[in-house]
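What follows is one structure encoded as structure tokens, with my remarks underneath.
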Amino acid sequence: MWNFKMNMEEIWDYSYELLHEINQLISKLPESKFISSNQFIDIKNKLDKAKSLWMNVQKYEDQIYDFRWALLKRKILNKIDKIEDKSGKIINNQSKFDISAIESNFEEFKNDYQNFEEIEKLFLELLKVLTYEKISHMIEQYASGVWSSYYDFEKILKEMNEAEAKWVDIKELKMKILWD
């Protein structure tokens, strides 16, 4: 462990071991089936420790940024695909519309990095797709008569107005509800 009584050779050895640990943790990330925030926190702590030893760890920080960016982008795009899936499969609507994990990942990413504009655009696109599909689902349920007591015409119109305020293109949905 780092202390002021360590001589230069010990600092060098410790620094070399620390870089090796960081490299191993980063290299194991793509192999992980489940990636938790704790893994990134562990790597960040080791990077901070390396910085305190005046080591250049920019390469590792860039690798972590690129990995997290690509992972979040893939999660967002996969969720958009899942939401827009029109294959007729019966999907639990709650899981189809649940984006809490992605929201959490996005907030963590936004808090950790200043360069998040591109991911933010993708996340906003996800929110638009989610809003559109929720309203479409409401209209389908209302038109079928099964959920007409839960999804009344006024509630659907209110949701549509809120969606328009968020710049969601709902022209098709308006035509759909007005023709039904």
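The values are calculated or read from the model by the stated rules, or taken from the named source; none is laboratory data. Just so it is clear, the structure is predicted and the values come from calculations on it, not from any experiment. We place every Cβ from the backbone using ideal geometry, glycine too, and count neighbours over all the protein chains shown.
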Checklist entry - Quick one: is ILE11 part of a helix (DSSP H, G or I) and at pLDDT 85 or above? => result no
**Check on ALA165, exposed (fewer than 15 other Cβ atoms within 10 Å of the Cβ), modelled with pLDDT of 90 or more and among the small types (Gly, Ala, Ser)** = no
When restricted to ALA70, ALA101, ALA50, the only residue closer than 30 Å to GLU10 by Cα and among the small types (Gly, Ala, Ser) is ALA50
Those residues of region 45-60 which are exposed (fewer than 15 other Cβ atoms within 10 Å of the Cβ) and charged (D, E, K, R) amount to ASP48, LYS51, LYS59
Those residues of region 123-160 which are among the charged types (D, E, K, R), farther than 12 Å from ILE83 by Cβ and either at pLDDT 90 or above or buried (at least 17 other Cβ atoms within 10 Å of the Cβ) (or both) amount to GLU159
Here the residues within region 55-71 that are touching a residue at least 24 places away in the same chain (Cβ under 8 Å) and farther than 15 Å from GLN114 by Cα are MET55, VAL57, TYR60, GLN63, PHE67, LEU71
